[in-house]
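> Sharing a structure with you now.
The values are calculated or read from the model by the stated rules, or taken from the named source; none is laboratory data. Because the structure is predicted, anything quoted here is derived from the model rather than measured. Every residue, glycine among them, receives a Cβ derived from its backbone with ideal geometry; neighbour counts consider all protein chains shown. These accessible areas exclude ligands, DNA and RNA; they are computed on the full protein's heavy atoms, side chains included. Shrake-Rupley method; radii C 1.70, N 1.55, O 1.52, S 1.80 Å.
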Amino acid sequence: MYNPTRDQARQFFIDAWRKHRSREVLTPLEHIAADVISLHPEYQPLLEDAESALGRDFPPEMGQTNPFMHLSLHLAIEEQLVVDQPPGIRAAFEQQLARLTDRHAALHQLLECLGEIMWRSQREHRPPEGDAYLECIRRR
């Protein structure tokens, strides 16, 4: 299983965005990452300054979202939707999309739930619960 360091994960997004901007060939995962980054113009200047991006911390107490965490959650959700894992995630997303009619807004509903489930999993030292994740999405 691939378990990148913080800098490797950040470098992946930096490289994907750089390659996208210079019209280089992207891997399928880099292509998804570039699409997600395109939805977030507020993060693009940071990704274009690799030195700053790699060295910067985003502590929650400072009240700002960690852009790399946000992008990583987006990427995870895109992968979940492709394989419908946990089972039912695609249908739950389609319900959000029908309700909101904006794909990015619907993705953010899933993102909020995934973040909550991951936080709970880490706090309780147990694997993430797919059923709780889907229930969170349906409640929204």
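> Is any residue of region 52-92 close enough, with backbone N under 12 Å, to a label point placed 7 angstrom from the Cα of GLN11 along the Cα-Cβ axis, and if so, which?
54
> Solvent-accessible area per residue for region 8-122 at a 1.4 Å probe radius, Å²? It would help to have the intermediate numbers written out before the result.
Working: 6370 Å² over 115 residues.
On a per-residue basis, region 8-122 sits at 55 Å².
> Just grab the label-to-label distance for ALA132 and GLU42, each label 7 Å out from Cα along the Cβ direction, in nm (one decimal).
So the two model labels end up 2.8 nm from each other.
> Could you please state, rounded to a whole Å, how far the C-alpha centre of region 81-108 is from the C-alpha centre of region 1-49?
23
> Tell me what the chain gives for mean residue ellipticity at 222 nm when only DSSP H runs of n ≥ 4 count, each as -39,500 (n - 2.57), the sum divided by the residue total, rounded to 500 deg cm²/dmol. Provide the component values of the computation, followed by the final result.
Working: 8 runs with 98 residues, N = 140.
Helix-only estimate at 222 nm: -22000 deg cm²/dmol.
> Given points 7 Å out from each Cα along the Cα-Cβ axis, report the ARG18 to GLU124 separation in nanometres with one decimal.
Simple spin-label model gives 4.1 nm for this pair.
> Keeping the other protein chains in place, figure out the carbon and sulfur percent of the accessible area of the chain, with a 1.4 Å probe. Let's see the in-between values first.
On the way: 4600 of 8570 Å².
So the carbon and sulfur contribution to the accessible surface is 54 percent.
> HN-Hα J couplings of region 67-79 from phi, Karplus 6.51/-1.76/1.60, θ = phi - 60°, integer Hz, Gly and Pro as x?
Rounded to whole hertz, the list is x, 6, 5, 4, 5, 5, 5, 4, 4, 4, 5, 4, 5.
> If you look at just the Cα atoms of region 15-140, how large are its Rg and its Dmax in Å?
15.6, 44
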